[in-house]
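The values are calculated or read from the model by the stated rules, or taken from the named source; none is laboratory data. Just so it is clear, the structure is predicted and the values come from calculations on it, not from any experiment. Note that each Cβ is placed from the backbone with ideal geometry, even for glycine, and that neighbours are counted across all protein chains shown. Please note that ligands, DNA and RNA were not included when accessible areas were found on the heavy atoms of the full protein model with its side chains. Shrake-Rupley method; radii C 1.70, N 1.55, O 1.52, S 1.80 Å.
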Amino acid sequence: MARKKRSKGLRVSLMLTVGLMIVSFAAGMLTQRIVFREPQTDAGLTYIEDIPVMTDFLPEGTRARPGQKREIKYLVIHETDNTGTGANAAAHNSFIHQNANAEEGIVSWHYTVDDHEIYHHLPDDETAYHAGDGMEKNGGNMNGIGIEMCVNSDGNYEQTLINTEKLCARLLIEYDLNPSKALKKHQDFSGKICPSTLINSGRWDEFCSAVTAKYKELKADEAANAS
Ligand SMILES: [Zn+2]
(Lines give C-alpha, C1' and ligand atoms only; values in the text may rest on other atoms or scores of the structure.)
Protein backbone atom coordinates (compact mmCIF):
# COMPACT_ATOMS: atom_id res chain seq x y z
CA MET A 1 0.00 0.00 0.00
CA ALA A 2 2.71 2.38 1.06
CA ARG A 3 4.62 1.45 -2.07
CA LYS A 4 1.64 2.10 -4.31
CA LYS A 5 1.11 5.54 -2.77
CA ARG A 6 4.74 6.42 -3.36
CA SER A 7 4.61 5.44 -7.01
CA LYS A 8 1.49 7.55 -7.46
CA GLY A 9 3.36 10.48 -5.91
CA LEU A 10 6.23 9.87 -8.29
CA ARG A 11 3.89 9.77 -11.24
CA VAL A 12 2.32 13.10 -10.26
CA SER A 13 5.69 14.80 -9.83
CA LEU A 14 6.85 13.34 -13.15
CA MET A 15 3.76 14.73 -14.85
CA LEU A 16 4.39 18.10 -13.23
CA THR A 17 8.00 18.11 -14.40
CA VAL A 18 7.05 17.23 -17.97
CA GLY A 19 4.30 19.84 -17.88
CA LEU A 20 6.72 22.50 -16.67
CA MET A 21 9.22 21.53 -19.35
CA ILE A 22 6.58 21.94 -22.06
CA VAL A 23 5.50 25.32 -20.67
CA SER A 24 9.06 26.65 -20.40
CA PHE A 25 9.90 25.35 -23.88
CA ALA A 26 6.85 27.13 -25.30
CA ALA A 27 7.76 30.31 -23.41
CA GLY A 28 11.29 30.12 -24.81
CA MET A 29 9.93 29.80 -28.30
CA LEU A 30 7.71 32.81 -27.72
CA THR A 31 10.51 35.04 -26.47
CA GLN A 32 12.83 33.96 -29.28
CA ARG A 33 10.23 34.29 -32.00
CA ILE A 34 11.15 36.89 -34.59
CA VAL A 35 8.57 39.65 -34.55
CA PHE A 36 7.70 40.33 -38.14
CA ARG A 37 7.16 43.92 -39.08
CA GLU A 38 4.35 44.56 -41.48
CA PRO A 39 5.31 46.78 -44.41
CA GLN A 40 4.22 50.36 -43.76
CA THR A 41 1.05 51.48 -45.45
CA ASP A 42 2.97 53.80 -47.76
CA ALA A 43 5.52 51.11 -48.56
CA GLY A 44 6.20 50.98 -52.25
CA LEU A 45 6.26 47.54 -53.80
CA THR A 46 8.32 47.46 -56.95
CA TYR A 47 10.02 44.68 -58.85
CA ILE A 48 13.45 43.95 -60.23
CA GLU A 49 12.51 41.44 -62.89
CA ASP A 50 10.55 38.89 -60.83
CA ILE A 51 11.95 39.89 -57.42
CA PRO A 52 9.64 41.94 -55.17
CA VAL A 53 11.34 44.97 -53.61
CA MET A 54 9.66 46.19 -50.42
CA THR A 55 10.45 49.77 -49.49
CA ASP A 56 10.23 50.36 -45.74
CA PHE A 57 12.55 53.25 -44.87
CA LEU A 58 13.79 53.84 -41.34
CA PRO A 59 12.03 56.91 -39.93
CA GLU A 60 13.86 60.20 -40.42
CA GLY A 61 15.61 61.37 -37.28
CA THR A 62 16.35 57.91 -35.90
CA ARG A 63 19.94 57.27 -34.83
CA ALA A 64 20.43 54.66 -37.55
CA ARG A 65 19.42 57.16 -40.24
CA PRO A 66 21.83 60.10 -40.08
CA GLY A 67 20.14 61.51 -43.18
CA GLN A 68 23.34 62.94 -44.63
CA LYS A 69 23.22 63.24 -48.42
CA ARG A 70 26.32 62.09 -50.26
CA GLU A 71 27.67 61.08 -53.63
CA ILE A 72 27.14 57.37 -54.43
CA LYS A 73 30.43 55.76 -55.46
CA TYR A 74 30.23 52.14 -54.35
CA LEU A 75 28.02 49.16 -53.80
CA VAL A 76 29.29 47.60 -50.56
CA ILE A 77 28.48 43.88 -50.39
CA HIS A 78 27.91 42.17 -47.05
CA GLU A 79 26.59 38.92 -45.67
CA THR A 80 24.48 38.89 -42.51
CA ASP A 81 26.43 35.90 -41.09
CA ASN A 82 23.10 34.94 -39.49
CA THR A 83 22.49 31.31 -40.46
CA GLY A 84 19.44 30.97 -38.21
CA THR A 85 16.21 29.62 -39.63
CA GLY A 86 14.02 32.50 -40.77
CA ALA A 87 16.84 35.07 -40.77
CA ASN A 88 15.65 36.37 -44.11
CA ALA A 89 15.20 39.87 -45.56
CA ALA A 90 11.89 40.49 -43.74
CA ALA A 91 13.46 39.46 -40.42
CA HIS A 92 16.37 41.84 -40.98
CA ASN A 93 13.94 44.60 -41.86
CA SER A 94 12.28 44.01 -38.47
CA PHE A 95 15.68 44.01 -36.78
CA ILE A 96 16.88 47.25 -38.35
CA HIS A 97 13.64 49.03 -37.42
CA GLN A 98 13.61 47.69 -33.86
CA ASN A 99 17.19 48.86 -33.33
CA ALA A 100 16.94 52.20 -35.13
CA ASN A 101 17.31 54.11 -31.87
CA ALA A 102 19.54 51.70 -29.97
CA GLU A 103 21.84 53.31 -27.38
CA GLU A 104 24.90 51.60 -28.83
CA GLY A 105 25.91 49.35 -31.68
CA ILE A 106 23.94 51.34 -34.25
CA VAL A 107 23.90 49.61 -37.62
CA SER A 108 22.11 50.47 -40.82
CA TRP A 109 22.37 49.65 -44.47
CA HIS A 110 20.30 50.14 -47.60
CA TYR A 111 19.14 46.75 -48.88
CA THR A 112 18.71 43.20 -47.58
CA VAL A 113 18.42 40.45 -50.17
CA ASP A 114 17.25 36.87 -49.64
CA ASP A 115 16.21 34.10 -52.02
CA HIS A 116 12.77 35.54 -52.80
CA GLU A 117 12.63 39.25 -52.02
CA ILE A 118 14.51 42.45 -51.29
CA TYR A 119 13.91 44.99 -48.53
CA HIS A 120 14.96 48.61 -49.07
CA HIS A 121 15.64 50.25 -45.69
CA LEU A 122 17.18 53.63 -46.54
CA PRO A 123 17.23 56.07 -49.48
CA ASP A 124 20.25 55.31 -51.67
CA ASP A 125 21.59 58.87 -51.48
CA GLU A 126 21.98 58.86 -47.68
CA THR A 127 24.91 57.67 -45.55
CA ALA A 128 24.55 54.62 -43.27
CA TYR A 129 26.55 52.57 -40.76
CA HIS A 130 27.60 49.26 -42.30
CA ALA A 131 31.21 49.44 -43.49
CA GLY A 132 32.93 49.97 -40.14
CA ASP A 133 34.93 52.96 -41.37
CA GLY A 134 33.25 55.86 -39.58
CA MET A 135 32.45 58.69 -41.98
CA GLU A 136 35.79 58.68 -43.75
CA LYS A 137 36.04 60.53 -47.03
CA ASN A 138 35.57 58.11 -49.96
CA GLY A 139 34.61 55.46 -47.42
CA GLY A 140 32.04 52.70 -47.43
CA ASN A 141 29.67 54.40 -44.99
CA MET A 142 30.07 57.83 -46.58
CA ASN A 143 29.83 56.82 -50.23
CA GLY A 144 28.56 53.24 -50.38
CA ILE A 145 25.16 51.64 -50.79
CA GLY A 146 25.17 48.84 -48.19
CA ILE A 147 23.75 45.55 -49.45
CA GLU A 148 23.30 42.63 -47.04
CA MET A 149 22.90 39.12 -48.42
CA CYS A 150 21.05 36.62 -46.22
CA VAL A 151 22.65 33.30 -45.35
CA ASN A 152 19.72 31.78 -43.42
CA SER A 153 19.94 27.98 -43.32
CA ASP A 154 16.40 27.63 -44.67
CA GLY A 155 17.20 29.88 -47.64
CA ASN A 156 18.74 29.18 -51.03
CA TYR A 157 22.07 31.02 -51.03
CA GLU A 158 22.62 30.53 -54.78
CA GLN A 159 19.29 32.23 -55.50
CA THR A 160 20.19 35.02 -53.08
CA LEU A 161 23.38 35.54 -55.08
CA ILE A 162 21.41 35.76 -58.33
CA ASN A 163 18.95 38.24 -56.79
CA THR A 164 21.83 40.35 -55.46
CA GLU A 165 23.54 40.33 -58.86
CA LYS A 166 20.35 41.68 -60.42
CA LEU A 167 19.99 44.39 -57.77
CA CYS A 168 23.64 45.43 -58.19
CA ALA A 169 23.38 45.59 -61.99
CA ARG A 170 20.28 47.76 -61.68
CA LEU A 171 21.97 50.14 -59.21
CA LEU A 172 25.12 50.41 -61.35
CA ILE A 173 22.96 51.52 -64.28
CA GLU A 174 20.84 53.85 -62.15
CA TYR A 175 23.84 55.69 -60.69
CA ASP A 176 26.05 55.38 -63.77
CA LEU A 177 28.79 53.50 -61.91
CA ASN A 178 31.60 51.44 -63.41
CA PRO A 179 31.28 47.82 -62.17
CA SER A 180 35.04 47.32 -61.96
CA LYS A 181 35.40 50.34 -59.68
CA ALA A 182 32.15 50.44 -57.76
CA LEU A 183 31.70 46.83 -56.61
CA LYS A 184 33.28 46.52 -53.18
CA LYS A 185 33.41 44.08 -50.33
CA HIS A 186 32.85 45.27 -46.78
CA GLN A 187 36.38 43.87 -46.28
CA ASP A 188 37.78 46.56 -48.60
CA PHE A 189 36.85 49.25 -46.07
CA SER A 190 37.38 47.74 -42.63
CA GLY A 191 39.22 44.46 -43.08
CA LYS A 192 36.31 42.42 -41.70
CA ILE A 193 35.94 39.09 -43.53
CA CYS A 194 32.64 40.06 -45.11
CA PRO A 195 30.89 38.82 -47.24
CA SER A 196 32.39 35.77 -45.58
CA THR A 197 30.88 32.93 -47.65
CA LEU A 198 31.88 34.57 -50.92
CA ILE A 199 35.37 35.36 -49.67
CA ASN A 200 36.03 32.02 -47.97
CA SER A 201 34.82 30.05 -50.97
CA GLY A 202 36.94 32.15 -53.34
CA ARG A 203 33.87 33.27 -55.31
CA TRP A 204 34.12 37.05 -55.11
CA ASP A 205 35.47 37.41 -58.67
CA GLU A 206 32.78 35.06 -59.96
CA PHE A 207 30.16 37.26 -58.28
CA CYS A 208 31.63 40.43 -59.83
CA SER A 209 31.70 38.79 -63.28
CA ALA A 210 28.04 37.80 -62.95
CA VAL A 211 27.08 41.37 -61.94
CA THR A 212 29.09 42.79 -64.84
CA ALA A 213 27.46 40.40 -67.32
CA LYS A 214 24.01 41.42 -66.07
CA TYR A 215 25.02 45.09 -66.20
CA LYS A 216 26.12 44.72 -69.85
CA GLU A 217 22.82 43.01 -70.65
CA LEU A 218 20.88 45.95 -69.19
CA LYS A 219 23.13 48.43 -71.03
CA ALA A 220 22.46 46.62 -74.31
CA ASP A 221 18.70 46.67 -73.62
CA GLU A 222 18.92 50.38 -72.89
CA ALA A 223 20.75 51.04 -76.16
CA ALA A 224 18.27 48.89 -78.10
CA ASN A 225 15.32 50.75 -76.56
CA ALA A 226 16.88 54.14 -77.30
CA SER A 227 17.46 53.39 -80.98
ZN1 LIG B 1 29.64 43.35 -43.70
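What the table below lists for this structure:
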quantity	calculated
Using θ = phi - 60° and Karplus 6.51 cos²θ - 1.76 cosθ + 1.60, couplings along the range 107-124 (whole Hz; Gly, Pro as x)	10, 7, 7, 9, 9, 10, 10, 10, 7, 9, 7, 10, 10, 10, 9, 8, x, 4
Residues of the range 157-209: accessible area per residue with a 1.4 Å probe, Å²	47 Å²
Accessible area in the full protein assembly, largest first, 1.4 Å probe, for F207, F95, F57	F95, F57, F207
Efficiency of FRET from Cβ geometry, A223 and E158, R₀ 30 Å, rounded to 0.05	0.50
Heavy-atom accessible surface of the range 56-162: percent carbon and sulfur, 1.4 Å	46 percent
Listed residues E126, E71 arranged by accessible area, highest first, probe 1.4 Å	E71, E126
Solvent-accessible ranking of C208, C194, largest area first, probe 1.4 Å	C208, C194
Alpha-carbon radius of gyration plus Dmax, which is the widest Cα pair, for the range 41-226 in Å	15.5, 51
Computed label-point distance, nm, for sites E104 and K192 using a 7 Å Cα→Cβ extension	1.6 nm
Pairwise FRET efficiency - T85 versus N178, Cβ, R0 = 41 Å, nearest 0.05	0.60
Karplus-derived HN-Hα couplings along the range 136-148 (A = 6.51, B = -1.76, C = 1.60, θ = phi - 60°), whole Hz, x at Gly and Pro	4, 4, 6, x, x, 5, 5, 10, x, 8, x, 10, 9
